[in-house]
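Take a look at the structure below.
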Amino acid sequence: MTNSSTSPYGYTETLERGTGKFASFAVAFAFVSIATGIFTTYGSVLNSSGPMGIWTWPIVIIGQVAVALLLGSLAARIPVTGYAYQWVSRLANPILGWITGWISFTFLAIVVVAVDYTVAATVVPALFDFTGTPLTSFEITAGVLLLQAILVGLSTKWTERVNNFAVTAELIGMIALVVLLFIVGVLAHKLSVGNLFSRGDIPAEGYWSFGTATSVGPWMLGFLLGAFTIVGFESAANLAEETKTPEIVVPRAMWQAVLASGILGFLFLLVVTAAVNDPTTLAQSGTPIADIIRDILGSFVGTALLVLVAIAIFACGLVILMSGVRLVWAMSRDQRFPGWQVLHKVSPRFRTPANATVFMAATSAVILGIFSTSTDALFKLFSAATLLPASIYAITIALYIATRKKLPASTGFSLGRWEVPVLVVAVVWLVFELSLFRDASFKDPWLYVLAMVAIGAVYLGYLLITRGRDGLKMPEMASIDAELDAELDAVK
(Lines give C-alpha, C1' and ligand atoms only; values in the text may rest on other atoms or scores of the structure.)
Protein backbone atom coordinates (compact mmCIF):
# COMPACT_ATOMS: atom_id res chain seq x y z
CA MET A 1 0.00 0.00 0.00
CA THR A 2 1.34 3.45 -0.90
CA ASN A 3 2.21 5.68 1.99
CA SER A 4 1.24 9.28 1.23
CA SER A 5 2.28 10.76 4.57
CA THR A 6 5.08 13.26 5.05
CA SER A 7 8.44 11.75 6.04
CA PRO A 8 10.79 13.21 8.70
CA TYR A 9 12.84 14.75 5.91
CA GLY A 10 10.27 17.01 4.32
CA TYR A 11 9.05 14.66 1.56
CA THR A 12 5.63 13.21 0.84
CA GLU A 13 6.11 9.46 0.56
CA THR A 14 4.85 8.27 -2.82
CA LEU A 15 6.54 4.85 -3.17
CA GLU A 16 5.27 1.57 -1.77
CA ARG A 17 6.98 0.52 1.47
CA GLY A 18 7.14 -3.24 1.04
CA THR A 19 10.84 -4.21 1.05
CA GLY A 20 11.62 -6.59 3.91
CA LYS A 21 14.81 -7.81 5.58
CA PHE A 22 15.83 -10.46 3.07
CA ALA A 23 14.90 -8.33 0.07
CA SER A 24 17.04 -5.48 1.43
CA PHE A 25 19.96 -7.87 2.03
CA ALA A 26 19.42 -9.35 -1.44
CA VAL A 27 19.66 -5.92 -3.05
CA ALA A 28 23.01 -5.27 -1.36
CA PHE A 29 24.31 -8.79 -2.02
CA ALA A 30 23.23 -8.78 -5.67
CA PHE A 31 25.01 -5.51 -6.37
CA VAL A 32 28.22 -6.92 -4.88
CA SER A 33 27.67 -10.28 -6.66
CA ILE A 34 30.82 -12.29 -5.98
CA ALA A 35 29.97 -14.64 -8.84
CA THR A 36 30.01 -11.71 -11.24
CA GLY A 37 33.10 -10.01 -9.84
CA ILE A 38 35.29 -13.10 -9.45
CA PHE A 39 34.25 -14.63 -12.75
CA THR A 40 34.98 -11.37 -14.54
CA THR A 41 38.25 -10.24 -12.99
CA TYR A 42 40.03 -13.43 -11.90
CA GLY A 43 41.89 -13.69 -15.20
CA SER A 44 43.14 -10.12 -14.83
CA VAL A 45 44.55 -10.94 -11.40
CA LEU A 46 46.40 -13.95 -12.79
CA ASN A 47 47.92 -11.68 -15.45
CA SER A 48 48.86 -8.82 -13.14
CA SER A 49 49.64 -10.50 -9.81
CA GLY A 50 49.70 -14.26 -10.32
CA PRO A 51 47.72 -16.68 -8.11
CA MET A 52 49.12 -15.04 -4.97
CA GLY A 53 47.12 -11.92 -5.85
CA ILE A 54 44.06 -13.47 -4.19
CA TRP A 55 45.56 -12.65 -0.75
CA THR A 56 44.63 -9.02 -1.33
CA TRP A 57 40.97 -10.06 -0.97
CA PRO A 58 40.83 -10.28 2.88
CA ILE A 59 42.34 -6.79 3.18
CA VAL A 60 39.70 -5.39 0.84
CA ILE A 61 36.96 -7.05 2.90
CA ILE A 62 38.23 -5.55 6.16
CA GLY A 63 38.33 -2.10 4.57
CA GLN A 64 34.92 -2.38 2.93
CA VAL A 65 33.25 -3.74 6.05
CA ALA A 66 34.50 -0.64 7.85
CA VAL A 67 33.09 1.57 5.09
CA ALA A 68 29.78 -0.32 5.17
CA LEU A 69 29.47 0.15 8.94
CA LEU A 70 30.01 3.90 8.65
CA LEU A 71 27.61 4.28 5.74
CA GLY A 72 25.16 2.19 7.74
CA SER A 73 25.33 4.77 10.51
CA LEU A 74 24.33 7.43 7.99
CA ALA A 75 21.61 5.25 6.48
CA ALA A 76 20.09 4.84 9.95
CA ARG A 77 20.07 8.59 10.55
CA ILE A 78 19.01 9.64 7.05
CA PRO A 79 16.89 6.80 5.59
CA VAL A 80 15.98 8.62 2.40
CA THR A 81 16.15 7.57 -1.26
CA GLY A 82 19.21 9.07 -2.92
CA TYR A 83 21.80 7.68 -0.46
CA ALA A 84 25.16 9.56 -0.88
CA TYR A 85 23.43 12.52 -2.53
CA GLN A 86 21.14 12.90 0.49
CA TRP A 87 23.85 12.24 3.06
CA VAL A 88 26.41 14.71 1.70
CA SER A 89 23.76 17.37 1.08
CA ARG A 90 22.91 17.33 4.78
CA LEU A 91 26.39 16.72 6.18
CA ALA A 92 27.98 19.50 4.13
CA ASN A 93 25.83 21.56 1.78
CA PRO A 94 23.50 21.03 -1.20
CA ILE A 95 26.17 21.98 -3.74
CA LEU A 96 28.63 19.31 -2.65
CA GLY A 97 25.68 16.96 -2.25
CA TRP A 98 24.68 17.59 -5.85
CA ILE A 99 28.23 16.91 -7.04
CA THR A 100 28.28 13.64 -5.09
CA GLY A 101 24.90 12.74 -6.51
CA TRP A 102 26.11 13.41 -10.04
CA ILE A 103 29.23 11.27 -9.50
CA SER A 104 26.96 8.52 -8.14
CA PHE A 105 24.80 8.79 -11.24
CA THR A 106 27.81 8.47 -13.55
CA PHE A 107 28.98 5.43 -11.56
CA LEU A 108 25.62 3.66 -11.72
CA ALA A 109 25.15 4.48 -15.41
CA ILE A 110 28.48 2.90 -16.34
CA VAL A 111 28.59 -0.01 -13.90
CA VAL A 112 25.33 -1.45 -15.22
CA VAL A 113 26.94 -1.49 -18.67
CA ALA A 114 30.13 -3.04 -17.27
CA VAL A 115 28.17 -5.82 -15.59
CA ASP A 116 25.80 -6.55 -18.48
CA TYR A 117 28.68 -6.43 -20.97
CA THR A 118 30.25 -9.34 -19.09
CA VAL A 119 27.35 -11.57 -20.11
CA ALA A 120 27.77 -10.63 -23.75
CA ALA A 121 31.56 -10.69 -23.93
CA THR A 122 32.36 -13.80 -21.89
CA VAL A 123 29.42 -15.83 -20.57
CA VAL A 124 27.15 -16.17 -23.61
CA PRO A 125 30.02 -17.01 -26.04
CA ALA A 126 31.27 -19.66 -23.60
CA LEU A 127 27.79 -21.11 -23.09
CA PHE A 128 26.97 -21.37 -26.78
CA ASP A 129 30.53 -21.95 -28.00
CA PHE A 130 31.02 -19.07 -30.42
CA THR A 131 33.54 -16.27 -30.78
CA GLY A 132 32.05 -12.95 -29.82
CA THR A 133 32.56 -9.72 -31.75
CA PRO A 134 32.07 -6.08 -30.73
CA LEU A 135 28.76 -6.15 -32.62
CA THR A 136 27.40 -9.27 -30.91
CA SER A 137 28.54 -7.94 -27.53
CA PHE A 138 26.71 -4.68 -28.17
CA GLU A 139 23.52 -6.40 -29.27
CA ILE A 140 23.42 -8.87 -26.38
CA THR A 141 24.21 -6.19 -23.80
CA ALA A 142 21.53 -3.90 -25.21
CA GLY A 143 19.01 -6.74 -25.07
CA VAL A 144 19.84 -7.54 -21.44
CA LEU A 145 19.63 -3.86 -20.51
CA LEU A 146 16.22 -3.59 -22.17
CA LEU A 147 14.87 -6.59 -20.24
CA GLN A 148 16.11 -5.14 -16.96
CA ALA A 149 14.56 -1.74 -17.72
CA ILE A 150 11.18 -3.32 -18.52
CA LEU A 151 11.20 -5.22 -15.22
CA VAL A 152 12.28 -2.23 -13.12
CA GLY A 153 9.81 0.07 -14.84
CA LEU A 154 6.80 -2.23 -14.55
CA SER A 155 7.04 -3.63 -11.03
CA THR A 156 9.26 -3.17 -7.98
CA LYS A 157 7.68 -6.22 -6.36
CA TRP A 158 8.56 -8.49 -9.29
CA THR A 159 12.01 -6.93 -9.58
CA GLU A 160 12.64 -7.90 -5.96
CA ARG A 161 11.20 -11.39 -6.49
CA VAL A 162 13.52 -12.02 -9.41
CA ASN A 163 16.44 -10.66 -7.42
CA ASN A 164 15.56 -12.71 -4.33
CA PHE A 165 15.51 -15.87 -6.46
CA ALA A 166 18.83 -14.98 -8.11
CA VAL A 167 20.55 -14.23 -4.79
CA THR A 168 19.25 -17.46 -3.25
CA ALA A 169 20.54 -19.39 -6.28
CA GLU A 170 23.91 -17.61 -6.09
CA LEU A 171 24.32 -18.34 -2.37
CA ILE A 172 23.41 -22.02 -2.73
CA GLY A 173 25.41 -22.41 -5.94
CA MET A 174 28.58 -20.81 -4.60
CA ILE A 175 28.48 -22.82 -1.37
CA ALA A 176 27.91 -26.02 -3.35
CA LEU A 177 30.79 -25.20 -5.69
CA VAL A 178 33.20 -24.59 -2.81
CA VAL A 179 32.27 -27.91 -1.18
CA LEU A 180 32.31 -29.92 -4.42
CA LEU A 181 35.59 -28.42 -5.67
CA PHE A 182 37.28 -29.16 -2.35
CA ILE A 183 36.01 -32.74 -2.00
CA VAL A 184 36.51 -33.80 -5.63
CA GLY A 185 39.79 -31.90 -5.86
CA VAL A 186 41.20 -33.69 -2.79
CA LEU A 187 39.99 -37.12 -3.92
CA ALA A 188 41.37 -36.61 -7.43
CA HIS A 189 44.62 -35.10 -6.08
CA LYS A 190 44.10 -31.96 -8.18
CA LEU A 191 44.47 -29.36 -5.42
CA SER A 192 47.86 -27.81 -4.71
CA VAL A 193 48.40 -25.60 -1.67
CA GLY A 194 51.57 -24.34 -3.35
CA ASN A 195 49.45 -22.54 -5.92
CA LEU A 196 48.18 -20.19 -3.22
CA PHE A 197 51.69 -18.80 -2.81
CA SER A 198 52.74 -18.79 -6.45
CA ARG A 199 53.51 -15.67 -8.47
CA GLY A 200 52.96 -17.55 -11.72
CA ASP A 201 55.09 -15.91 -14.42
CA ILE A 202 55.31 -12.57 -12.59
CA PRO A 203 59.00 -11.70 -11.86
CA ALA A 204 60.06 -11.70 -8.22
CA GLU A 205 61.87 -8.38 -8.54
CA GLY A 206 59.57 -5.54 -7.53
CA TYR A 207 56.64 -7.88 -6.97
CA TRP A 208 55.77 -6.36 -3.58
CA SER A 209 56.62 -2.81 -4.62
CA PHE A 210 54.11 0.02 -4.16
CA GLY A 211 55.25 1.20 -7.59
CA THR A 212 56.11 4.64 -8.89
CA ALA A 213 54.19 7.87 -9.39
CA THR A 214 52.50 6.46 -12.51
CA SER A 215 52.59 2.72 -11.93
CA VAL A 216 51.47 0.21 -9.31
CA GLY A 217 53.41 -2.87 -8.22
CA PRO A 218 52.24 -6.34 -9.42
CA TRP A 219 50.82 -7.57 -6.10
CA MET A 220 49.11 -4.23 -5.47
CA LEU A 221 47.15 -4.57 -8.71
CA GLY A 222 45.56 -7.67 -7.20
CA PHE A 223 43.49 -5.38 -4.96
CA LEU A 224 41.38 -4.51 -7.97
CA LEU A 225 39.75 -7.97 -7.76
CA GLY A 226 38.13 -7.13 -4.44
CA ALA A 227 37.83 -3.40 -5.10
CA PHE A 228 35.71 -4.01 -8.20
CA THR A 229 33.63 -6.77 -6.63
CA ILE A 230 32.87 -5.52 -3.11
CA VAL A 231 31.06 -2.30 -4.03
CA GLY A 232 27.46 -1.19 -4.27
CA PHE A 233 26.33 -2.62 -0.93
CA GLU A 234 24.94 0.84 -0.15
CA SER A 235 22.31 0.31 -2.85
CA ALA A 236 20.07 -1.02 -0.07
CA ALA A 237 20.00 2.54 1.27
CA ASN A 238 18.74 3.78 -2.08
CA LEU A 239 15.50 1.91 -1.45
CA ALA A 240 15.11 3.32 2.06
CA GLU A 241 11.73 4.91 1.34
CA GLU A 242 10.44 1.52 0.15
CA THR A 243 11.89 -0.49 3.06
CA LYS A 244 10.08 -1.41 6.26
CA THR A 245 11.86 0.06 9.34
CA PRO A 246 14.80 1.20 7.15
CA GLU A 247 16.74 2.68 10.07
CA ILE A 248 17.20 -0.90 11.35
CA VAL A 249 17.02 -3.06 8.21
CA VAL A 250 19.22 -1.12 5.77
CA PRO A 251 22.43 -0.78 7.87
CA ARG A 252 22.38 -4.48 8.72
CA ALA A 253 21.73 -5.45 5.11
CA MET A 254 24.80 -3.46 4.05
CA TRP A 255 27.44 -4.84 6.39
CA GLN A 256 26.01 -8.36 6.33
CA ALA A 257 26.13 -8.40 2.52
CA VAL A 258 29.80 -7.33 2.55
CA LEU A 259 30.76 -9.87 5.20
CA ALA A 260 28.85 -12.75 3.59
CA SER A 261 30.26 -11.91 0.17
CA GLY A 262 33.76 -11.57 1.60
CA ILE A 263 33.85 -14.89 3.43
CA LEU A 264 32.16 -16.94 0.72
CA GLY A 265 34.16 -15.23 -2.02
CA PHE A 266 37.49 -15.92 -0.34
CA LEU A 267 36.69 -19.59 0.26
CA PHE A 268 35.81 -19.87 -3.42
CA LEU A 269 39.04 -18.10 -4.46
CA LEU A 270 41.13 -20.40 -2.26
CA VAL A 271 39.74 -23.62 -3.66
CA VAL A 272 39.69 -22.40 -7.27
CA THR A 273 43.29 -21.15 -7.08
CA ALA A 274 44.46 -24.39 -5.48
CA ALA A 275 42.95 -26.16 -8.48
CA VAL A 276 44.85 -24.12 -11.10
CA ASN A 277 46.90 -26.39 -13.34
CA ASP A 278 48.85 -23.88 -15.44
CA PRO A 279 48.42 -20.21 -14.35
CA THR A 280 50.08 -18.87 -17.52
CA THR A 281 47.77 -20.72 -19.90
CA LEU A 282 44.71 -20.12 -17.76
CA ALA A 283 45.33 -16.36 -17.67
CA GLN A 284 44.81 -16.23 -21.43
CA SER A 285 41.32 -17.72 -21.18
CA GLY A 286 38.24 -15.52 -21.31
CA THR A 287 36.52 -17.81 -18.78
CA PRO A 288 39.26 -19.07 -16.42
CA ILE A 289 36.89 -19.92 -13.55
CA ALA A 290 34.69 -22.03 -15.81
CA ASP A 291 37.78 -23.78 -17.22
CA ILE A 292 38.93 -24.77 -13.74
CA ILE A 293 35.52 -26.08 -12.76
CA ARG A 294 35.19 -28.07 -15.98
CA ASP A 295 38.59 -29.64 -15.28
CA ILE A 296 37.67 -30.65 -11.72
CA LEU A 297 33.94 -31.30 -11.91
CA GLY A 298 33.32 -31.96 -15.59
CA SER A 299 31.64 -30.10 -18.43
CA PHE A 300 28.11 -30.42 -17.04
CA VAL A 301 28.95 -28.62 -13.81
CA GLY A 302 31.05 -26.11 -15.75
CA THR A 303 28.07 -25.29 -17.91
CA ALA A 304 25.84 -25.10 -14.83
CA LEU A 305 28.29 -22.57 -13.36
CA LEU A 306 27.98 -20.42 -16.47
CA VAL A 307 24.20 -20.49 -16.13
CA LEU A 308 24.52 -19.54 -12.45
CA VAL A 309 26.88 -16.69 -13.33
CA ALA A 310 24.49 -15.48 -16.04
CA ILE A 311 21.65 -15.37 -13.49
CA ALA A 312 23.84 -13.57 -10.95
CA ILE A 313 25.01 -11.03 -13.52
CA PHE A 314 21.46 -10.34 -14.68
CA ALA A 315 20.36 -9.75 -11.08
CA CYS A 316 23.41 -7.58 -10.42
CA GLY A 317 22.63 -5.37 -13.42
CA LEU A 318 18.96 -5.32 -12.44
CA VAL A 319 19.71 -3.99 -8.95
CA ILE A 320 22.21 -1.46 -10.28
CA LEU A 321 19.67 -0.12 -12.76
CA MET A 322 16.99 0.07 -10.05
CA SER A 323 19.39 1.93 -7.76
CA GLY A 324 20.29 4.38 -10.52
CA VAL A 325 16.62 4.98 -11.25
CA ARG A 326 15.96 5.78 -7.58
CA LEU A 327 18.86 8.23 -7.50
CA VAL A 328 17.69 10.06 -10.64
CA TRP A 329 14.17 10.15 -9.22
CA ALA A 330 15.35 11.48 -5.84
CA MET A 331 17.42 14.28 -7.40
CA SER A 332 14.55 15.11 -9.75
CA ARG A 333 12.15 15.29 -6.81
CA ASP A 334 14.39 18.06 -5.48
CA GLN A 335 14.18 19.75 -8.90
CA ARG A 336 17.92 19.54 -9.51
CA PHE A 337 18.43 16.94 -12.21
CA PRO A 338 18.23 17.67 -15.95
CA GLY A 339 14.65 16.97 -17.05
CA TRP A 340 13.36 16.83 -13.46
CA GLN A 341 9.93 18.06 -14.62
CA VAL A 342 9.37 14.61 -16.16
CA LEU A 343 11.75 12.38 -14.21
CA HIS A 344 10.30 13.04 -10.74
CA LYS A 345 6.94 11.51 -11.61
CA VAL A 346 5.79 8.15 -10.25
CA SER A 347 3.65 6.08 -12.58
CA PRO A 348 0.10 5.94 -11.12
CA ARG A 349 -0.37 2.51 -12.71
CA PHE A 350 2.89 0.76 -11.84
CA ARG A 351 3.87 2.79 -8.74
CA THR A 352 7.44 3.05 -10.06
CA PRO A 353 9.54 5.98 -11.35
CA ALA A 354 8.88 4.84 -14.93
CA ASN A 355 10.21 7.97 -16.65
CA ALA A 356 13.43 7.82 -14.66
CA THR A 357 13.75 4.17 -15.67
CA VAL A 358 13.58 5.02 -19.37
CA PHE A 359 16.12 7.82 -18.90
CA MET A 360 18.58 5.67 -16.94
CA ALA A 361 18.41 2.83 -19.46
CA ALA A 362 18.85 5.23 -22.38
CA THR A 363 21.89 6.85 -20.74
CA SER A 364 23.52 3.46 -20.16
CA ALA A 365 22.77 2.51 -23.78
CA VAL A 366 24.65 5.60 -24.99
CA ILE A 367 27.63 4.70 -22.78
CA LEU A 368 27.49 1.16 -24.15
CA GLY A 369 27.64 2.51 -27.70
CA ILE A 370 30.70 4.60 -26.88
CA PHE A 371 32.70 1.89 -25.11
CA SER A 372 31.69 -1.11 -27.24
CA THR A 373 33.86 0.04 -30.16
CA SER A 374 37.00 -0.41 -28.04
CA THR A 375 38.92 -3.69 -28.10
CA ASP A 376 39.53 -3.47 -24.33
CA ALA A 377 36.08 -2.11 -23.50
CA LEU A 378 35.60 -4.50 -20.58
CA PHE A 379 38.76 -3.34 -18.78
CA LYS A 380 37.89 0.34 -19.23
CA LEU A 381 34.35 -0.19 -17.98
CA PHE A 382 35.51 -2.12 -14.91
CA SER A 383 38.21 0.42 -14.11
CA ALA A 384 35.79 3.35 -14.21
CA ALA A 385 33.27 1.31 -12.20
CA THR A 386 35.90 0.81 -9.47
CA LEU A 387 37.30 4.34 -9.39
CA LEU A 388 33.96 6.10 -8.99
CA PRO A 389 32.58 4.33 -5.88
CA ALA A 390 35.93 4.69 -4.13
CA SER A 391 35.67 8.45 -4.70
CA ILE A 392 32.08 8.53 -3.42
CA TYR A 393 33.00 6.57 -0.29
CA ALA A 394 35.96 8.88 0.39
CA ILE A 395 33.85 12.04 0.13
CA THR A 396 31.12 10.65 2.36
CA ILE A 397 33.46 9.26 5.04
CA ALA A 398 35.45 12.51 5.15
CA LEU A 399 32.25 14.45 5.86
CA TYR A 400 31.16 11.85 8.39
CA ILE A 401 34.39 12.47 10.29
CA ALA A 402 33.90 16.23 10.18
CA THR A 403 30.29 16.16 11.41
CA ARG A 404 29.90 12.95 13.41
CA LYS A 405 29.68 14.71 16.79
CA LYS A 406 26.85 16.89 15.52
CA LEU A 407 24.78 14.06 14.06
CA PRO A 408 21.50 13.16 15.74
CA ALA A 409 21.51 9.89 17.63
CA SER A 410 19.92 6.77 16.18
CA THR A 411 18.86 3.69 18.11
CA GLY A 412 18.34 1.85 14.83
CA PHE A 413 22.06 1.34 14.33
CA SER A 414 25.03 2.64 16.28
CA LEU A 415 28.74 1.79 16.38
CA GLY A 416 29.18 3.10 19.90
CA ARG A 417 32.75 2.82 21.18
CA TRP A 418 33.82 1.05 17.98
CA GLU A 419 33.22 4.14 15.87
CA VAL A 420 36.77 5.55 16.06
CA PRO A 421 38.60 2.25 15.30
CA VAL A 422 36.23 1.63 12.37
CA LEU A 423 36.89 5.15 11.10
CA VAL A 424 40.65 4.61 11.20
CA VAL A 425 40.39 1.36 9.23
CA ALA A 426 38.08 2.92 6.64
CA VAL A 427 40.29 5.97 6.10
CA VAL A 428 43.50 3.95 5.73
CA TRP A 429 41.80 1.61 3.27
CA LEU A 430 40.25 4.35 1.12
CA VAL A 431 43.47 6.35 0.90
CA PHE A 432 45.32 3.22 -0.21
CA GLU A 433 42.59 2.20 -2.66
CA LEU A 434 42.52 5.60 -4.35
CA SER A 435 46.31 5.53 -4.66
CA LEU A 436 46.01 2.46 -6.92
CA PHE A 437 44.37 4.54 -9.63
CA ARG A 438 47.53 6.53 -10.30
CA ASP A 439 48.57 3.69 -12.61
CA ALA A 440 48.80 4.84 -16.23
CA SER A 441 46.47 2.04 -17.34
CA PHE A 442 43.59 3.97 -15.78
CA LYS A 443 44.00 6.96 -18.11
CA ASP A 444 40.79 6.36 -20.07
CA PRO A 445 38.60 5.80 -16.98
CA TRP A 446 39.93 9.08 -15.54
CA LEU A 447 39.05 10.82 -18.82
CA TYR A 448 35.53 9.41 -18.64
CA VAL A 449 35.15 10.66 -15.07
CA LEU A 450 36.44 14.11 -16.00
CA ALA A 451 34.10 14.30 -19.00
CA MET A 452 31.06 13.41 -16.89
CA VAL A 453 32.12 15.84 -14.14
CA ALA A 454 32.45 18.59 -16.77
CA ILE A 455 28.92 17.90 -18.03
CA GLY A 456 27.66 18.00 -14.47
CA ALA A 457 29.53 21.23 -13.76
CA VAL A 458 27.75 22.94 -16.65
CA TYR A 459 24.34 21.98 -15.31
CA LEU A 460 25.30 22.88 -11.74
CA GLY A 461 26.38 26.30 -13.00
CA TYR A 462 23.00 26.69 -14.68
CA LEU A 463 21.22 25.82 -11.41
CA LEU A 464 23.28 28.32 -9.43
CA ILE A 465 22.73 31.11 -11.97
CA THR A 466 18.98 30.57 -12.27
CA ARG A 467 18.21 29.78 -8.63
CA GLY A 468 21.13 30.93 -6.51
CA ARG A 469 22.47 28.99 -3.53
CA ASP A 470 19.19 29.33 -1.63
CA GLY A 471 17.38 27.57 -4.45
CA LEU A 472 19.36 24.39 -3.72
CA LYS A 473 18.52 24.09 -0.03
CA MET A 474 17.59 20.66 1.29
CA PRO A 475 15.02 19.80 3.97
CA GLU A 476 16.50 20.15 7.45
CA MET A 477 18.39 17.31 9.11
CA ALA A 478 16.31 15.37 11.63
CA SER A 479 16.63 12.32 13.83
CA ILE A 480 14.55 9.40 12.61
CA ASP A 481 14.23 8.11 16.18
CA ALA A 482 12.95 11.44 17.45
CA GLU A 483 10.33 11.46 14.71
CA LEU A 484 9.28 7.89 15.46
CA ASP A 485 9.00 8.68 19.18
CA ALA A 486 6.87 11.70 18.34
CA GLU A 487 4.57 9.55 16.22
CA LEU A 488 4.19 7.04 19.06
CA ASP A 489 3.39 9.81 21.54
CA ALA A 490 0.78 11.18 19.14
CA VAL A 491 -0.89 7.75 18.91
CA LYS A 492 -0.96 7.44 22.69
Query raised in the report: If one takes the longest principal axis of the Cα atoms in the chain, at what angle in degrees, from 0 to 90 and to the nearest 10, does the Cα axis of helix 246-274 lie?
Result: 10 degrees
Query raised in the report: How big is the accessible area of Asp291 in square angstrom, nearest 10, if you roll a 1.4 angstrom probe over the protein chains?
Result: 50 Å²
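Hand me the chymotrypsin sites (Phe, Trp or Tyr not before Pro) from the range 47-147 located in a DSSP loop with no more than 15 other Cβ atoms within 10 Å, in residue order please.
In loop regions of the range 47-147 (DSSP not H, G, I, E or B), the sparsely surrounded chymotrypsin sites (Phe, Trp or Tyr not before Pro) are Phe130.
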Requested in this report: State, in angstrom, two size descriptors of the range 284-368 derived from its alpha carbons: Rg to one decimal place and Dmax to the nearest whole number.
Outcome: 19.1, 56
Report summary line: Karplus-derived 3J(HN,Hα) from phi for the range 356-368 (6.51 cos²θ - 1.76 cosθ + 1.60, θ = phi - 60°), whole Hz, x at Gly and Pro, runs 5, 5, 4, 5, 5, 5, 5, 4, 5, 5, 5, 4, 4
Report task. Summarise the long-distance tail of P(r) for the range 266-318 by giving the % of C-alpha pairs beyond 16 Å. Result -> 47 percent
Query raised in the report: Going from most exposed to least, what order do Thr133, Thr281, Thr159, Thr403 have by accessible area with a 1.4 Å probe?
Result: Thr281, Thr133, Thr403, Thr159
Report summary line: Over the Cα atoms of the chain the radius of gyration and the largest Cα-Cα distance (Dmax), both in Å, equal 22.1, 72
Query raised in the report: Kirkwood Rh, the range 60-194, all Cα pairs: how many Å?
Result: 19.0 Å
Query raised in the report: Gain in length, Thr212 to Ile455, computed as 0.36 nm per residue apart minus the alpha-carbon separation, to one decimal in nm?
Result: 84.3 nm
Requested in this report: Just grab the label-to-label distance for Thr411 and His189, each label 7 Å out from Cα along the Cβ direction, in nm (one decimal).
Outcome: 6.4 nm
Query raised in the report: On average, how much area does the Cα convex hull of the range 61-100 cover when viewed from any direction, in nm²?
Result: 2.9 nm²
Report summary line: the range 410-470 -> Rg/Rh from Cα coords, Kirkwood Rh, value 1.21
Query raised in the report: Tell me, what HN-Hα J-couplings in whole Hz come from the Karplus equation 6.51 cos²θ - 1.76 cosθ + 1.60 at θ = phi - 60° for each residue of the range 15-20, using x for Gly and Pro?
Result: 9, 6, 9, x, 7, x
Query raised in the report: Rounded to the nearest 500, what is the chain's calculated 222 nm mean residue ellipticity when only DSSP H runs of at least 4 contribute -39500 (n - 2.57) each, over all residues?
Result: -22500 deg cm²/dmol
Query - Distance between modelled label sites at Ser198 and Gln341, nm, 7 Å Cα→Cβ extension - result: 6.4 nm
**Report entry** Folded to 0 to 90 degrees: helix 299-333 orientation relative to the chain principal axis, Cα
**Finding:** 20 degrees
Requested in this report: Any chance you could run the full-extension gain for Trp446 through Leu135? It's 0.36 nm times the residue separation minus the Cα-Cα distance, nm to one decimal.
Outcome: 109.4 nm
**Report entry** Between 0 and 90°, nearest 10: helix 34-48 axis offset from the chain longest Cα axis
**Finding:** 50 degrees
**Report entry** Normalised alpha carbon radius of gyration of the range 300-420 [divisor 2.2 N^0.38 Å]
**Finding:** 1.42
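The values are calculated or read from the model by the stated rules, or taken from the named source; none is laboratory data. It should be emphasised that the depicted structure is a prediction, and the values quoted were computed from it without experimental measurement. As a convention, Cβ positions derive from the backbone with ideal geometry for all residues, glycine included, and neighbour counts pool all protein chains shown. In case anyone asks, the SASA skips ligands and DNA or RNA and just uses the protein heavy atoms, side chains included. Shrake-Rupley method; radii C 1.70, N 1.55, O 1.52, S 1.80 Å.
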